[in-house]
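What follows is a short report on a single structure.
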Amino acid sequence: MVEPSVIEERIREGVGGVSHLEVKDLTGTKDHYEAVIVSEAFEGKSRVDQQRMVFSALGELMDGPIHALTFKTYTPERWAKIGGGA
Amino acid sequence: MAEAEMDPALRERIQGIVDAHPVVLFMKGSRLFPRCGFSATVVEVLKRSGVTAFHDVDVLKDPAIRQGIKEFTSWPTIPQLYVQGKFVGGCDIVRDLYESGELEEVLAPVKAADDAG
């Protein structure tokens, strides 16, 4: 179990350059999360590398506290293209 | 997840698995009976992509592999899809590749061999 605010903070700090972030507790049990992350730090990186950046930002949280995490990563440009809000 | 600490025999065993089969899915449950939504999604995506003969590894039955594959790939979650010995991604990425049509390219060499086989 972990607070959404902790996840948000770890992602902002660990990934960096985050211009838009959504973190949603899917089940109300604070261990199944969905997220959308927009950052310029993803530019030029493969999908696998983008997700690895997020996993390393979350570190040990992925080894128990977070049981399930599904998330999408976007560069600001791609986020704008799909009409993502600010 | 320090790379160095991984048991070499376990690393070799995993390497053997990903080298021995064109498509390998480390998952929870089996191809016929997935026991996790994310694993079931990847099985379904593979089926829709015309790949039915893939090697499924049920990590729930093999705790060493369940932990080992996370270190091997430096990827903390299951499922993990390997094609021709290369890590493709987890559920999010496989679904993304499928929706954008890019999964076809990734699977093309394997499907060609499959048809010829």
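Only one residue in A:45, A:30 is over 13 Å from the mean Cα position of the chain (by Cα), within 14 Å of chain B (Cβ to nearest Cβ) and modelled with pLDDT of 95 or more, so which one is that? That would be A:45, the only listed residue that is over 13 Å from the mean Cα position of the chain (by Cα), within 14 Å of chain B (Cβ to nearest Cβ) and modelled with pLDDT of 95 or more.
Taking only segment A:52-86 into account, find how many residues are among the small types (Gly, Ala, Ser), assigned to a helix (DSSP H, G or I) and in contact (Cβ under 8 Å) with a residue 12 or more places away in the chain. If you could, list the steps in order and put the result at the bottom.
First, pick out the residues of segment A:52-86 that are among the small types (Gly, Ala, Ser): A:56-57, A:59, A:64, A:68, A:80, A:83-86.
The next check asks that each one be assigned to a helix (DSSP H, G or I); those that pass are A:56-57, A:59, A:80.
Within this subset, residues satisfying the condition of being in contact (Cβ under 8 Å) with a residue 12 or more places away in the chain are A:56-57, A:59.
Adding up the residues that qualify gives 3.
Could you say which residue among A:6, A:2 is of a type outside the set (D, E, K, R), within 29 Å of residue B:28 (Cα to Cα) and not in a helix (DSSP H, G or I)? Show your work before the answer.
Details: A:6 fails: not in a helix (DSSP H, G or I).
Sole residue among the options that is of a type outside the set (D, E, K, R), within 29 Å of residue B:28 (Cα to Cα) and not in a helix (DSSP H, G or I): A:2.
Restricting segment B:9-38 to residues that are surrounded by fewer than 15 Cβ atoms within 10 Å (Cβ to Cβ) and of a type in the set (Gly, Ala, Ser) leaves a set whose member that is nearest to residue B:107 (Cα to Cα) is B:20. Pairing residues of segment B:89-115 that are closer than 23 Å to residue A:55 by Cα and without any contact (Cβ under 8 Å) to a residue 40 or more places away in the chain with residues that are part of a helix (DSSP H, G or I) and among the basic types (Lys, Arg), at Cβ distances under 8 Å and at least 6 apart in sequence or on separate chains, gives B:89/A:47; B:93/A:47; B:96/A:47; B:97/A:47. Here B:106, B:88 are screened, and the one residue that is assigned to a helix (DSSP H, G or I) and farther than 21 Å from residue A:63 by Cβ is B:106.
The values are calculated or read from the model by the stated rules, or taken from the named source; none is laboratory data. What you are looking at is a predicted structure, and each value in this text was computed from that prediction instead of being measured. Here the Cβ is made from the backbone with ideal geometry for all residues, glycine too, and neighbour counts use every protein chain on show.
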